[in-house]
Amino acid sequence: MKAEKILDEELILSKLAEVKDPEIDTVSIVDLGMVYRVAAVDTSIKVTLLPTFSGCPALPIIEKNCAEALLELDGADSAEVEFTFSVPWTSDRVTEAGIRGLKEFGIAPPPEFIESDGSWHVDCPYCGSTFVTVENIFGPTACRSILYCRNCRNPFEAMKLVSSNMH
Amino acid sequence: MEKTESGKFEGLTETDQAYLADLLKQLADDDYLLSFRSSEWLGLAPHIEEDVASASISQDMMGHAAMYYGLLGDIYGRDADDLAHFRGPADRRNSILTEKRNGEGEYLDVPKYDWAYHVVRNLYYNMHKKVKLVALKQSSSTPLRDVAAKAAMELYYHELHWRTWFIQLMNSSDDAKARMAAALEKVNGECADLFHLGKYSEDITRKGYIAPASEMKDSFRKEMEKVFDQTDSVFSFPDDQKENGRLGRHTEDLEHALELMSEVYGSVPYAKW
Ligand SMILES: [Zn+2]
């Protein structure tokens, strides 16, 4: 028999912090602000996540990785993972640790605001220069744009700003 | 597909579910079809950055279709993938504008697609979608409100993209202007049903699921006039056309799209994707 251990929220969250973005191994789904709700009843865990972009092909992978990680917890017999749209994910949900992890990977954190003419600014994640140009709002994944640093001459990516007052 | 919450429409009467289902089919089939038509441009767009942008937008649109099919599946107790792939033309509620071919030829043969048409079609569609999402964010149906809020944030970048292309090409060379004029004429013959709300239109608006078509059309007109003000052309919108996709009356192009789109999924329907 397994040793009884209470599955509290803190324990579940610390386990979820081990689940990384499938493409960015320096950032966890907790850092990205994707965890909306965790609950445990006896030996059953239920986790509700917020999808970053609705068409993101990484979502089923994240769902599977979460369930597998949670089942490693002592005292966990079942783990249910589902996504909700009841609260939209916004880029300000990325935590301080998430911002550090993104920079470490060479991705600029999302800009904090967009000007009324649609323009926005981020600094180069490599050298910190503000002398950057947007090459393409749309990048290799739904959540990232492509930029170029005119100071250190590195191309880099930035997470897109997603906020509820965009219309 | 990832697992999403279910049981969101419990407690609704069967007639209300039928109204909502028809509206969801309009929204889902629109994004599904135009996402497919746009993805046929993959590798053919005018330049490499546009290829990336266009593909990314198509992926977002397919995500929006998936959210709507997810809600529809919740009502019907059916799988979202099946609802996307295994419904025939008569059951489709997308606008004619979203189903039309990109131009002459086939993707796998010699595609002679028309970029001007792609730009104009996407501007009209995305602006119509923007207006609709504003209305849906006020819907009396909570799940619809939630999904609309999500889609609207992503649409922001799409609409900006197509608006930029449109204004630039409309103010470009004589060749570009002539192609854009031809594309505008073509789109004008295919977009009259965009704001049609289908056979239950009165019930759908009475229930507060979405604003009346006339209101949305007015907002659309205002938005489009702002765009056209930056060109030498004057905005016009058709009153009527022969086919009406919202009533399940489509062109041959829909069958062509559905066949191609479902070929792989239909070959092994029980496969895990
Ligand atoms: Zn730099």
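Quick rundown of the values:
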| read-out | value |
| --- | --- |
| Rounded tilt (10° steps) of B:48-76 against the dominant C-alpha axis of chain B | 20 |
| Per-residue mean of C-beta atoms belonging to partner chains within 10 Å, peptide B:65-75 | 1 |
| Residues whose placed amide H lies under 5 Å from that of residue A:144, excluding near-sequence neighbours | A:139, A:160 |
| Rounded to the nearest 10 Å², the accessible area of residue B:140 at probe 1.4 Å | 70 |
| Too-long pairs where the Cα-Cα distance tops 22 Å, listed order kept, from B:130/B:217; A:15/B:3; B:100/B:137 | B:100/B:137 |
| Per DSSP, loop trypsin sites (Lys or Arg not before Pro) in segment B:23-126 with at most 15 further Cβ within 10 Å | B:78 |
| Accessible surface, per residue, of the protein assembly as shown when the full set of protein chains is kept, probe 1.4 Å, Å² | 46 |
| Cα-derived Rg to Rh of segment A:96-159, Kirkwood definition | 0.94 |
| Relative compactness, segment B:93-178, computed as alpha-carbon Rg over 2.2 N^0.38 Å | 1.34 |
| DSSP loop chymotrypsin sites (Phe, Trp or Tyr not before Pro) with at most 14 other Cβ within 10 Å: longest gap in chain A | A:1-112 |
| Candidates B:260, B:133, B:33: whichever shows maximal mean-square fluctuation once chain B is modelled as a Gaussian network with Cα springs under 10 Å | B:260 |
| Estimated [θ] at 222 nm from DSSP helical runs (n ≥ 4, -39500 (n - 2.57)) normalised by residues in the protein assembly as shown, nearest 500 | -15000 deg cm²/dmol |
| Fluctuation leader among B:242, B:132, B:186 - chain B, Gaussian network, Cα springs under 10 angstrom | B:242 |
| Per-selection Kirkwood Rh - segment B:9-85 (Cα, Å, 1 d.p.) | 13.4 |
| From phi via Karplus (6.51, -1.76, 1.60), per-residue ³J(HN,Hα) for segment B:204-221 in Hz, x at Gly/Pro | 4, 7, 4, 6, x, 5, 8, 5, x, 4, 4, 5, 5, 4, 4, 4, 4, 4 |
| Two-decimal ratio, segment A:9-83, of alpha-carbon radius of gyration to 2.2 N^0.38 Å | 1.01 |
| Chain B: most fluctuating residue of B:159, B:106, B:40 per GNM, C-alpha cutoff 10 Å | B:106 |
| In sequence order, calculated HN-Hα J values of segment A:143-151 (Karplus, 6.51, -1.76, 1.60; Hz; x Gly/Pro) | 8, 10, 10, 10, 10, 9, 8, 7, 7 |
| Exposure of residue B:104 as accessible area (Å², to 10), given a probe of 1.4 Å and all protein chains | 130 |
| Backbone HN-Hα couplings from phi across segment B:166-182 [Karplus 6.51/-1.76/1.60, Hz, Gly and Pro as x] | 4, 5, 5, 5, 5, 10, 9, 5, 4, 4, 4, 4, 5, 5, 5, 4, 5 |
| Residues of segment A:64-95 with amide N under 16 Å of a point placed 7 Å along Cα→Cβ from residue A:43 | A:70-80 |
| Distant-in-sequence amide H partners of residue A:83 (H built 1.01 Å from N, under 5 Å) | A:49, B:3, B:4, B:5 |
| Computed over the protein assembly as shown, Kirkwood Rh from alpha-carbon pairs, angstrom | 23.2 |
| 5 angstrom amide H check on residue A:108, placed H, neighbours 5+ away | A:157, A:158, A:159 |
| Simple spin-label estimate for residue B:6 and residue B:171 in nanometres, 7 Å along Cα-Cβ | 5.2 |
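The values are calculated or read from the model by the stated rules, or taken from the named source; none is laboratory data. Model, not experiment: these values are computed from the prediction. Reconstructed Cβ throughout: ideal geometry from the backbone, glycine too, with neighbour counts over all protein chains shown. Surface accessibility is based on the protein's heavy atoms, side chains included, excluding ligands, DNA and RNA. Shrake-Rupley method; radii C 1.70, N 1.55, O 1.52, S 1.80 Å.
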